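In what follows, a single structure is set out as structure tokens and then discussed.
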Amino acid sequence: MIRVHLTKDQRLELEKYRGQSSSQNSEKAFIVLLNSDGNSANAIAKQLHRSSHTVRLWLKRYLKKGLAGLERNSSSGRPRDKRKECMQISKDILAKNPNEFNYPDQTWGIPLIRYHLKSVHQIDVSEDTLLRGLKDLGYSYKRPSKTVSPKAPAPAEKKKAVSVIIESIQELMKNKSCEIFACDESHFSTEPYLVKGWFKKRWPPSDSKFQQKRRLHHVWVFKLKNKAFLLEEIR
């Protein structure tokens, strides 16, 4: 029977290693910790749904080389070059809106990024690799913050447009056949629902001048024969 006896420092080292390494290497450290607590290789294999041969393999490697024995054998440089190229391309496309690539989506998700990499750049990457790579680049999965479009009319222009609508309505009110309808709490909004996507962390800046509070919209519709007039109040 293989039994690993750990010192206090070795146990702390393994526990720290579990939190900093990949999920695969974290499991190897967990195997060693379970064994040091008195669990046999067969019991550990059953608990983790691994073969007893695999469990014994990592226990022996730890006994021989310590933490270095839990690391995966060194591989060729090509996969690392491929991952580096993949992350650079991902960083470039995330700086643009999916619409610029003729996609109907408004934000980038993992499936869309994978599809773009494979169809345009002939790079096939797993979801897990892409997920870890984006986090390493400083991206997080969240909803984009709402901001006012640079082409949005100024408050004075909006006020002038509303005044024109009101004058038109007042003219209609002089006609006795005019009917006025009021819609209260209609929940109309010019702000579409935004799904989550990948964005650089701490973007946009937290400075209040870059943030715009949501505004309440009231909409009234006035109809006269074949004409309809829309009056919108923004608070």
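Rule-based calculations on the coordinates, nothing more; no lab input. Keep in mind that what you see is a predicted model, and the values were worked out from it rather than measured. Glycine gets a Cβ as well: all are built from the backbone with ideal geometry, and neighbour counts include every protein chain shown.
Please give the net charge around Arg50, taking every other residue with its beta carbon less than 13 angstrom from that of Arg50, where Lys and Arg add +1 and Asp and Glu add -1. In short, +2. Per-residue extension of 0.36 nm, minus the Cα-Cα distance of Ala152 and Lys135, leaves a gain of 2.8 nm for this segment.
Karplus-based coupling profile of segment 100-106, in residue order and whole Hz: 5, 9, 6, 8, x, 6, 9, with θ = phi - 60° in 6.51 cos²θ - 1.76 cosθ + 1.60 and x standing for Gly or Pro. Phi-derived couplings, Karplus 6.51 cos²θ - 1.76 cosθ + 1.60 at θ = phi - 60°, listed residue by residue for segment 124-129: 9, 10, 6, 4, 5, 5 Hz, with x used for Gly and Pro. So what does log10 I(q)/I(0) come out to for segment 105-145 at q = 0.19, 0.27, 0.34 Å⁻¹, using the Debye formula with one equal point on every Cα and no solvent? With no solvent term, the Cα-only Debye profile gives -0.59, -1.02, -1.19. With a Förster radius of 35 Å applied to the beta-carbon distance between Ile2 and Asp124, the computed FRET efficiency rounds to 0.35.
Evaluate the Debye formula for segment 8-70 with equal point scatterers sitting on the alpha carbons, no solvent, and hand back log10 of I(q)/I(0) at q = 0.14, 0.23 Å⁻¹, in q order, two decimals. Each listed q corresponds, in turn, to -0.33, -0.94. Full extension of the segment from Glu85 to Val162, taken as 0.36 nm per residue of separation minus the current Cα-Cα distance, would add 22.5 nm. Please give the net charge around Glu157, taking every other residue with its beta carbon less than 15 angstrom from that of Glu157, where Lys and Arg add +1 and Asp and Glu add -1. So the environment of Glu157 carries a net charge of +3.
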